[in-house]
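Below is one structure, written out as structure tokens; the observations come after it.
The values are calculated or read from the model by the stated rules, or taken from the named source; none is laboratory data. As the structure is a computational prediction, the values presented were derived from the model and not from experiment. Ideal geometry is used to build each Cβ from the backbone, glycine not excepted, and the neighbour counts take in all protein chains shown.
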Amino acid sequence: MTLSLVGEILFYGYEKGDSVLQPLWDYLRLHHSGTLRSPLFPVVLTVSSYFVFCFPYLFCDIMGEKWPSIHRYKIQPSRTPTPAMLLHCTGITLRNHLFLVFPAAVAQWAWRPPVPLPERAPTLWELIGGVAGNLLLFDLQYFIWHLLHHKVRWLYVTFHAIHHNYSAPFALATQCLGGWELVTVGFWTTLNPLLLKCHLLTTWVFMVLHVYVSVEDHCGYDFPWSTSRLIPFGIYGGPNKHDVHHQKPNTNFAPHFSHWDRLFGTHADFSFATAKPRQ
Ligand SMILES: [Zn+2]
Ligand SMILES: [Zn+2]
């Protein structure tokens, strides 16, 4: 089998012109069209992904030092969240979902017509490129927003300070956010795939991945499968970089990649935050 044939199968599917994702897309649109076309679907998808991704880290936090094989990967090992901290963040998250996410979802359901599902699936390249493009665009938008909300005192106190209650982040602190920040983040993650003309499948993959990396940013653990370890050359910050932001709040404003902080002189080395597995 030649390399070009392997490439063709991987990126264009088994029949010329068909994406390798076409069978999956056909299955989804033919069997679950009602669910997928609902304007509520992206909301349900992201909210449920959030709790699913938080749960394993929450379990690690509850186990703490009783689980040494996991605890040795904690970035700040002496600072395990207390039950009061976990409850506080759960309360804020529930409040935000009840008063912001739920009404926004109902409004979408009431005012937006069901979304048409295209027949063609994206190619694997379109999906990967779209997800990467969305992550890069969000990274820039949030970098600017975040920088402003740290540099302008009124913005910090009014909107962002709540997220800095804890200098040793943990997964449930991801959405320990003020309403304005949650609305802004939700607005960009909804708008950006439309701006980049992404396929719906690409949009949903981006949304789920974005929830994952946001939770991972706050998880407080530097596991061997951490994104900052999987993506080489310090291009991607991951949990270490954002942990340093919570320790030194005037540094590392970009949520995912490291280039904007390097360009604007706000980069702080996050290698020291890397947990050295203790024997
Ligand atoms: Zn944070
Ligand atoms: Zn901040």
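Against the definition (touching a Gly at 6+ places or on another chain (Cβ under 7 Å) and in contact (Cβ under 8 Å) with a residue 60 or more places away in the chain), how does T189 come out, yes or no?
Spelling it out, it is not the case that T189 is touching a Gly at 6+ places or on another chain (Cβ under 7 Å) and in contact (Cβ under 8 Å) with a residue 60 or more places away in the chain.
When only residues in segment 245-257 that are outside any loop (DSSP other than H, G, I, E, B) and under 15 Å from P169 (Cα atoms) count, which is farthest from ligand 2 (Cβ to nearest atom)?
Here the answer is Q247.
Tell me whether segment 167-183 contains one or more residues that are more than 27 Å from P83 (Cα to Cα) and part of a helix (DSSP H, G or I).
yes
Quick check, is I128 within 16 Å of ligand 1 (Cβ to nearest atom) and among the β-branched types (V, I, T)?
The answer is no for I128.
Among the residues of segment 131-183, what is the count of those that are more than 13 Å from ligand 1 (Cβ to nearest atom) and not hydrophobic (A, V, I, L, M, F, W, C)?
Summing the residues that are more than 13 Å from ligand 1 (Cβ to nearest atom) and not hydrophobic (A, V, I, L, M, F, W, C) in segment 131-183 gives 9.
Suppose we filter A104, A121 for residues that are surrounded by 15 or more Cβ atoms within 10 Å (Cβ to Cβ), more than 16 Å from ligand 1 (Cβ to nearest atom), of a type outside the set (F, W, Y) and part of a loop (DSSP other than H, G, I, E, B); which single one remains?
That would be A121, the only listed residue that is surrounded by 15 or more Cβ atoms within 10 Å (Cβ to Cβ), more than 16 Å from ligand 1 (Cβ to nearest atom), of a type outside the set (F, W, Y) and part of a loop (DSSP other than H, G, I, E, B).
Against the definition (within 13 Å of ligand 2 (Cβ to nearest atom), assigned to a helix (DSSP H, G or I) and over 23 Å from H259 (Cβ atoms)), how does F159 come out, yes or no?
Taking the combined requirement at face value, the residue satisfies it.
Can you tell me which residues in segment 85-111 are among the small types (G, A, S) and more than 16 Å from V44 (Cβ to Cβ)?
Hit for segment 85-111 is G91, nothing else.
In the list A161, A173, A168, A132, which residue meets the criterion of being within 14 Å of the chain's Cα centre (by Cα), of a type outside the set (K, R) and under 30 Å from R72 (Cα atoms)?
When all the criteria are applied, what remains is A173.
So in segment 186-221, with the set limited to residues that are part of a loop (DSSP other than H, G, I, E, B) and more than 16 Å from the chain's Cα centre (by Cα), which one is nearest to ligand 2 (Cβ to nearest atom)?
Per the stated criteria, the residue is L196.
Can you go through H218, H256 and tell me which one is of a type outside the set (A, V, I, L, M, F, W, C), surrounded by 22 or more Cβ atoms within 10 Å (Cβ to Cβ), touching a strand residue (DSSP E or B) at 6+ places or on another chain (Cβ under 8 Å) and touching a residue at least 40 places away in the same chain (Cβ under 8 Å)?
Within the list H218, H256, the selection yields H256.
Report, by residue number, each residue of segment 15-62 that is of a type in the set (A, V, I, L, M) and in a helix (DSSP H, G or I).
Within segment 15-62, L24, L28, L30, L36, V43, V44, L45, V47, V52, L58, I62 qualify.
Scan segment 198-224 for residues that are over 18 Å from V44 (Cα atoms) and more than 16 Å from ligand 1 (Cβ to nearest atom) and jot them down.
Within segment 198-224, C198, H199, F223, P224 qualify.
Taking into account only those residues within segment 173-203 that are farther than 18 Å from Q108 by Cβ and in contact with a His (Cβ under 8 Å, 6 or more places away or on another chain), which is surrounded by the fewest Cβ atoms within 10 Å (Cβ to Cβ)?
G178
Pairs please, first residue from segment 163-180 and closer than 15 Å to F55 by Cβ, second anywhere and of a type in the set (S, T, N, Q), Cβ atoms under 6 Å, 6+ apart in sequence or on different chains.
Pairs that qualify, where the first residue is closer than 15 Å to F55 by Cβ and the partner is of a type in the set (S, T, N, Q), are T174/S214; Q175/T93.
Enumerate the pairs (first residue in segment 241-253 and free of Cβ contacts under 8 Å to residues at least 24 places away in the same chain; second residue anywhere and part of a helix (DSSP H, G or I)) with beta-carbon separation below 8 Å, excluding pairs fewer than 6 apart on the same chain, so at least 6 apart or on different chains.
Close Cβ pairs satisfying both conditions: T251/V244; T251/H245; T251/D261; N252/K241; N252/H242; N252/V244; N252/H245; N252/D261.
Hey, could you check segment 225-249 for residues that are more than 14 Å from ligand 1 (Cβ to nearest atom) and over 26 Å from I62 (Cβ atoms) and say which is nearest to the chain's Cα centre (by Cα)?
Looking at residues that are more than 14 Å from ligand 1 (Cβ to nearest atom) and over 26 Å from I62 (Cβ atoms), I get Y236.
Let's see how each residue does on (1) surrounded by fewer than 21 Cβ atoms within 10 Å (Cβ to Cβ); (2) within 16 Å of ligand 2 (Cβ to nearest atom); (3) at pLDDT 95 or above; (4) not in a helix (DSSP H, G or I):
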| site | (1), (2), (3), (4) |
| --- | --- |
| F223 | yes, no, no, yes |
| P232 | yes, no, no, yes |
| D243 | no, yes, no, no |
| A268 | yes, yes, no, yes |
| F272 | yes, no, no, no |
| R278 | yes, no, no, yes |
